[in-house]
Amino acid sequence: MFLLGSIVFGLLTLELFAGGPLLAWDTSLAKALPAIVSSSPAYVLTIMNIGFYLGEYVLVGLLALLVVYFIAKRSWTELAMTVLGPVGSTALFLWLSNLIGRSRPPTQIGISTTIPGFPSGHSIAVVVVYGLTAYLLVPAMRTKWGKALVIAGAVLLMLFVGATRVFAAGHYLTDVVAGYAVGIAWSGVIYTAIELLSGKWRRTHGTG
């Protein structure tokens, strides 16, 4: 996961600084898609805003519930994942976005923001949080259909949030894809590290 995410992010970053052909796609989509939304019924823009909230405030609420639950269950490994995964990804987003400093599309509609947009913080967050939620829920599912439903639901949420950010011109397409890549890379590192350290702790101290 780390290698895949890092390679994709690295290639997109090189494309950005080199002014490669993907940037022309970015510009075209950032003009065409918001125009489609603006000419559509009002509920379409509402759907775009829902994507924004699913990638931000809903995540915060979900994380708060998970933290309370894991503290009550004394599930320290899961608690560490729930805290360190999102906190680290937020710090990583702020560092990368300000380091690269790419402006967002000038055609933003709906909920607008001015913080640099590459990589997309929403895309990173949905991969890290919804991906973790699916990772924790899948083992609890008793049937293959249940497992498949959880995985499909998490993937669809990630794609929905990313798509709405592009349609509302909150991000260029490459911002979103780069965010997914960073989210995948960070998840691969932090969650694997926590699992390994937790297993080492249990072996050393004989706790279950």
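Output the residues belonging to the range 97-110 that are touching a residue at least 24 places away in the same chain (Cβ under 8 Å) and touching a Pro at 6+ places or on another chain (Cβ under 6 Å). Correct list: 97, 102, 107, 109.
Against the condition closer than 22 Å to residue 3 by Cα and of a type in the set (Ser, Thr, Tyr), how does residue 172 come out, does it pass? Criteria not met by residue 172.
For every residue, the table says whether it meets (1) without any contact (Cβ under 8 Å) to a residue 60 or more places away in the chain; (2) more than 30 Å from residue 23 (Cα to Cα); (3) surrounded by 21 or more Cβ atoms within 10 Å (Cβ to Cβ).
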position: 112; (1), (2), (3): yes, no, no
position: 118; (1), (2), (3): no, no, yes
position: 122; (1), (2), (3): no, no, yes
position: 125; (1), (2), (3): no, no, yes
position: 133; (1), (2), (3): no, yes, no
position: 149; (1), (2), (3): yes, yes, no
position: 155; (1), (2), (3): yes, no, no
position: 174; (1), (2), (3): no, no, yes
position: 183; (1), (2), (3): no, no, yes
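Those helices (runs of 4 or more DSSP H) of the range 1-75 in which 2 or more residues are farther than 23 Å from residue 167 by Cα and at pLDDT below 90 occupy 2-18.
Within the range 104-129, the set of residues being hydroxyl-bearing (Ser, Thr, Tyr) and either under 18 Å from residue 9 (Cβ atoms) or over 19 Å from the mean Cα position of the chain (by Cα) (or both) comprises 107, 120, 123. Among the conditions (1) β-branched (Val, Ile, Thr); (2) assigned to a loop (DSSP other than H, G, I, E, B); (3) under 16 Å from residue 5 (Cβ atoms), residue 113 misses just one, which is (3).
Here residue 118 meets each of (1) more than 20 Å from residue 88 (Cα to Cα); (2) outside any helix (DSSP H, G or I); (3) of a type outside the set (Ser, Thr, Tyr) with one exception, condition (1). Quick one: is residue 162 outside any helix (DSSP H, G or I) and touching a Phe, Trp or Tyr at 6+ places or on another chain (Cβ under 8 Å)? Answer is no for this residue. Quick check, is residue 187 modelled with pLDDT of 90 or more, part of a helix (DSSP H, G or I), surrounded by 14 or more Cβ atoms within 10 Å (Cβ to Cβ) and small (Gly, Ala, Ser)? When the stated conditions are applied, residue 187 passes them. List the pairs whose first member sits in the range 1-13 and is surrounded by 15 or more Cβ atoms within 10 Å (Cβ to Cβ), whose second member is modelled with pLDDT of 90 or more and not in a helix (DSSP H, G or I), and whose Cβ atoms are under 9 Å apart, counting only residues at least 6 apart or on separate chains? Once the first residue is surrounded by 15 or more Cβ atoms within 10 Å (Cβ to Cβ) and sits in the range 1-13, its partners that are modelled with pLDDT of 90 or more and not in a helix (DSSP H, G or I) give 9/119; 12/118; 12/119; 13/118; 13/119.
Which residue out of 155, 150 is in a helix (DSSP H, G or I), at pLDDT 90 or above, among the β-branched types (Val, Ile, Thr) and under 25 Å from residue 26 (Cβ atoms)?
When all the criteria are applied, what remains is 155.
When every residue of the range 103-120 is checked against the conditions, none turns out to be in contact with a Ser or Thr (Cβ under 6 Å, 6 or more places away or on another chain), more than 30 Å from residue 35 (Cβ to Cβ) and not hydrophobic (A, V, I, L, M, F, W, C).
The values are calculated or read from the model by the stated rules, or taken from the named source; none is laboratory data. Computed from a prediction, not measured in an experiment: that's the story for all the values here. For neighbour counting, all protein chains shown are included, and Cβ atoms are generated from backbone atoms with ideal geometry for every residue, glycine included.
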